[in-house]
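Take a look at the structure set out below.
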Amino acid sequence: MAMAVAVEQRISFLGLKPPREVEVMVGLVRDMDASSFCSILDVVAASLEGRDCSRDLQALASSLPLSREHLSHVISGIYTILQTALRLSSLKQEMFKDDLQHLRREALDAASLQPQRSLPQLESCRWRVDVAISTSVLARALRPSVLMQVSLTDGSTHQFEVPVSKFQELRYNVAQLLKEMSDLEKRSILRIQD
């Protein structure tokens, strides 16, 4: 029984009582459509990454049916939520989701899971080492090169030749990127999901 009481009294990552700007934001976004909320969320996330978002904010202010005051309250609330969540390295993803749902914004999950427009992704990559025995350029004779063929999700196929040194550079950069992704996965709030 004591355990059930302890679970129910878990304190949100925002504290015992959510900050005033978060409470005001929750009241304003209840009737907001998901696309408007996503566009505001994108601008706030870009701001947290350190990018200049003044033009984006002006575009939001002119395109959304909110007054500037209401828009500033919504931006302030989202900024507070994200900034607080990113500061806490001990914050678990499930707790973060539960706390957001507790704020009565279930549409946040639905909006964040909607597919975003993106560039074609790599579907498959085939490669082979090719050694030219005889070429018109004598310097290239008996030098290995890597022939690569990549297929993208939009159905296009590209084939190109890469010197071994560039292939090694590509291999190194991919390994470095995988290590950075692994380091990011260790932060509980930034788990990469399939």
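The values are calculated or read from the model by the stated rules, or taken from the named source; none is laboratory data. This structure is a prediction, so every number in the text was calculated from the model and none was measured. Every residue, glycine as well, gets a Cβ built from its backbone with ideal geometry; the counts of neighbours run over all protein chains shown.
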*Quick check: anything in the range 69-80 more than 19 Å from residue 34 (Cα to Cα), surrounded by fewer than 18 Cβ atoms within 10 Å (Cβ to Cβ) and assigned by TED's automatic domain parsing to the domain that holds residue 24?*
yes
*Pairs, please: C-beta under 9 Å, at least 6 apart or cross-chain, first residue assigned by TED's automatic domain parsing to the domain that holds residue 168 and part of a loop (DSSP other than H, G, I, E, B) and in the range 131-147, second at pLDDT 80 or above and of a type in the set (S, T, N, Q)?*
132/145
_For the range 45-55: of the residues being at pLDDT below 85 and outside any loop (DSSP other than H, G, I, E, B), which is farthest from the chain's Cα centre (by Cα)?_
54
_the range 66-85: number of residues that are in contact (Cβ under 8 Å) with a residue 24 or more places away in the chain and not in a helix (DSSP H, G or I)_ = 1
*asked:* Restricting to the range 90-113, give me the number of residues that are modelled with pLDDT under 65 and not in a helix (DSSP H, G or I).
replied: 4
